[in-house]
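So the structure is just underneath, and the comments pick up after that.
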Amino acid sequence: MSNSAEQDPRRGLMLVISSPSGAGKTTLARMLMKEFEDVVLSVSATTREARPNEKDGVDYHFRTEEDFRKMIAGREFLEWAKVFDRYYGTPRADTVAQLEAGNDVLFDVDWQGADALHDQMPNDCVSVFVLPPSIEALEQRLAAREGSSPEMVARRMRDAQAEILHWRRYDYCIVNDDLQVAYEKLRRILLVERTKRLREHNLEDHVRRLLGEL
Ligand code: ADP
């Protein structure tokens, strides 16, 4: 089937995932990247120090504060935030290049980050909010996570209330009770969103051929 729109390259999409900490977004995102090699994680820029096991360009783009400010001034970020004196941001050029190459880019951001990404790239973003099955389950998962302390769990539980309030801003919400069921929902969202008309690069030409215009 040469000349078929089905075989034409598609534009990637931005899959923006948020959740209260502990609801399972990292777990779900990892499963997605394992199954789909054309789903890549957005690499943020930051002014914080690299930890010993972190690689520049892989875990983060490590930048000086001066460079980071220049990037802000040059409108090089899709979104950025200052958290406890450190800057974090999503470089625009990386994302655009991935989308044009037909890769989907995953974003693990809070509701403010999700809003900012949607403002900048409204046609490319698909947003998913992951909810825990219950407040008790969320607390248990936070407590069971490696390196957690009771203070950290208490703080995350308070932050969770504030994050959950924004659930209506998202295109999809997934209740992560049974992990396999939740994952199946996430992969279906990805698969169906990939087929949206706007993402099929060459449909325009295909239809014009059908109409005898080309
Ligand atoms: P987040 O990225 O949202 O902070 P994580 O993906 O780190 O959350 O998950 C928090 C903890 O809950 C992890 O220990 C993970 O293995 C566990 N977890 C995730 N999803 C489920 C699930 N559906 N059922 C039980 N435990 C889960």
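Taking the Cα centre of the chain as origin, work out the dipole magnitude from +1 charges on Lys and Arg Cβ and -1 charges on Asp and Glu Cβ, in debye rounded to 20.
On the way: 31 positive and 38 negative charges, 45 e Å.
Computed charge dipole of the chain: roughly 220 debye.
Note on the chain: with neighbouring protein chains present and a 1.4 Å probe, carbon and sulfur make up 49 percent of its accessible heavy-atom surface. Other residues within the sphere of radius under 15 Å centred on the Cβ of Met152, judged by their own Cβ, net out at +1 (K and R +1, D and E -1).
For segment 124-197, the alpha carbon convex hull comes to 109 Å³ per residue, rounded to a whole number.
Counting helices only, and only those DSSP H runs with n ≥ 4, report the 222 nm mean residue ellipticity of the chain as the sum of -39,500 (n - 2.57) divided by its residues, in deg cm²/dmol to the nearest 500.
Helix-only estimate at 222 nm: -12500 deg cm²/dmol.
The heavy atoms of Ser148 present about 40 square angstrom of accessible area, all protein chains included, probe 1.4 Å. For the set Asp178, Asp124, solvent exposure ranked by accessible area (probe 1.4 Å, protein chains only) runs largest to smallest as Asp178, Asp124.
Annotation note: trypsin sites (Lys or Arg not before Pro) in segment 42-101 located in DSSP loop regions with a Cβ neighbour count of at most 10 within 10 Å are Lys55, Arg75.
Taking the simple approach of a point 7 Å from Cα along Cα-to-Cβ for both Ala101 and Arg208, what is their distance in nm? The two pseudo-label positions are separated by 2.8 nm.
One chain, two ends: Phe36 and Ala143. Fully extended at 0.36 nm per residue, the span grows by 35.5 nm beyond their Cα-Cα distance. In the context of the full set of protein chains, segment 10-194 has a per residue accessible area of 56 Å² (1.4 Å probe). The count of lysine pairs in segment 10-194 with alpha-carbon distances below 29 Å, taking only pairs 8 or more places apart or on different chains, stands at 9.
Computed from the alpha carbon positions, the gyration tensor of segment 64-137 leads to an equivalent ellipsoid with semi-axes of 25, 19, 10 Å, biggest first. Positive-end ranking of Val109, Met152, Pro52 along the dipole of the chain, with charges on Cβ about the Cα centre, is headed by Met152. With the simple model of a label 7 Å out from the Cα in the direction of the Cβ, Phe84 to Leu191 spans 4.1 nm. Taken about its Cα centre, segment 11-119 carries a charge dipole of about 140 debye when Lys and Arg each add +1 at the Cβ and Asp and Glu each add -1 at the Cβ. Dipole orientation for the chain: of the candidates Leu41, Trp80, Ile164, Ile164 has the Cα lying most toward the positive pole (charges on Cβ; Lys, Arg +1; Asp, Glu -1). Residue ranking by accessible heavy-atom surface, 1.4 Å probe, largest first, among Glu200, Glu139, Glu100 comes out as Glu100, Glu139, Glu200. Over every Cα atom in segment 10-194, the radius of gyration and the widest Cα-Cα span, Dmax, amount to 16.5, 46 Å. Take every pair of alpha-carbon atoms less than 8 Å apart whose residues are at least six positions apart; their mean separation over the length of segment 47-94 yields a relative contact order of 32 percent. For the chain, the relative contact order works out to 33 percent when only alpha carbon pairs closer than 8 Å and six or more residues apart are counted.
For the set Asp115, Asp159, the ranking by accessible area, highest first and with no ligand, DNA or RNA atoms included, is Asp159, Asp115 under a 1.4 Å probe.
The values are calculated or read from the model by the stated rules, or taken from the named source; none is laboratory data. Note that the structure is predicted; figures quoted are calculated from it, not measured. Virtual Cβ from ideal backbone geometry, glycine too; neighbours counted across all protein chains shown. All accessible areas refer to the heavy atoms of the entire protein, side chains included, with ligands and DNA or RNA removed. Shrake-Rupley method; radii C 1.70, N 1.55, O 1.52, S 1.80 Å.
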